[in-house]
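What follows is a set of notes on a single structure, which appears directly below.
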Amino acid sequence: EAGVVQSPRYKIIEKKQPVAFWCNPISGHNTLYWYLQNLGQGPELLIRYENEEAVDDSQLPKDRFSAERLKGVDSTLKIQPAELGDSAVYLCASSLGISETQYFGPGTRLLVL
Amino acid sequence: GNSVTQMEGPVTLSEEAFLTINCTYTATGYPSLFWYVQYPGEGLQLLLKATKADDKGSNKGFEATYRKETTSFHLEKGSVQVSDSAVYFCAGGYNKLIFGAGTRLAVHP
């Protein structure tokens, strides 16, 4: 069974540029999560989807970050414009449902110059 | 609010040594508890989990017991290998996981 797929794996951009990350969850997983992992720290939840509905986006900086999961499968996380402090690893995870075990993708490492 | 605290690293051990990485949690009720491992250049992989008090999770020689009395979920392995070198994250929660800061383990031959 394929795991959570993320792309790109690495991204280098200049500040003020836009950037987008893509995630394909494990087949059949209704719940999808985006996490932010800063260097030397544990992941922190940005947003959680139940199918196509964002049910917890309280930690998402909505002035520059947006996310969508239009058909309840793939998801895209966007930053516009990017700032130097956004340099981090962006992790996507999925689970069968709420409170089920979360499985993580390899992450996208973003460097903002 | 809920929180997870784990011992700071790095932890440096010789091969075949005994490993303990401490983890304690603060939460309302008794959430599920997890240990994830992150190998260099890779994403987080679930190592083991426990969903209720007194449960013991185990995998690949690693074990952790959900201790309600001490609100702990310490990770142990009797004999570590060089291939166990990685960063280990303790996490807990219901529908939202709270992660510890991670503990880097380096095992030398």
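The values are calculated or read from the model by the stated rules, or taken from the named source; none is laboratory data. For clarity, every value in this text was computed on a predicted model and none was experimentally measured. So basically every Cβ, Gly included, is an ideal-geometry build from the backbone, and we count neighbours across all protein chains shown.
Things worth noting here:
Listed here are the residues, each with its yes/no results for (1) more than 14 Å from the chain's Cα centre (by Cα); (2) within 23 Å of B:ILE98 (Cα to Cα).
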site	(1), (2)
A:ILE12	yes, no
A:ALA20	no, no
A:TYR33	no, yes
A:LEU39	yes, yes
A:PHE65	no, yes
A:GLN80	yes, no
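- Listed here are the strands (runs of 3 or more DSSP E) enclosed by region A:39-104 that have at least 3 residues being under 24 Å from B:TYR30 (Cα atoms) and either within 13 Å of another protein chain (Cβ to nearest Cβ) or of a type in the set (Ser, Thr, Tyr) (or both): A:44-50, A:88-95.
- Meets criteria (within 25 Å of B:GLN6 (Cα to Cα) and among the hydrophobic types (A, V, I, L, M, F, W, C)) for A:LEU46: yes
- Residue list for region B:21-61, filter: free of Cβ contacts under 8 Å to residues at least 40 places away in the same chain and away from chain A (no Cβ under 14 Å): B:THR28, B:ALA53, B:ASP54, B:LYS56, B:SER58, B:LYS60, B:GLY61
- Within region A:52-74, residues that are in contact (Cβ under 8 Å) with a residue 24 or more places away in the chain and within 18 Å of A:GLY28 (Cα to Cα) sit with their Cβ atoms under 8 Å from residues that are charged (D, E, K, R) and exposed (fewer than 15 other Cβ atoms within 10 Å of the Cβ), at 6+ positions apart or across chains, in these pairs: A:ARG69/A:GLU52; A:GLY72/A:GLU52.
- Taking strands (runs of 3 or more DSSP E) as the structural unit, those lying wholly within region B:46-107 and holding at least 3 residues that are modelled with pLDDT of 95 or more correspond to B:56-59, B:62-65, B:75-77, B:86-93.
- Single match in A:GLY3, A:GLY40 (criterion: touching a residue at least 40 places away in the same chain (Cβ under 8 Å) and surrounded by fewer than 20 Cβ atoms within 10 Å (Cβ to Cβ)): A:GLY3
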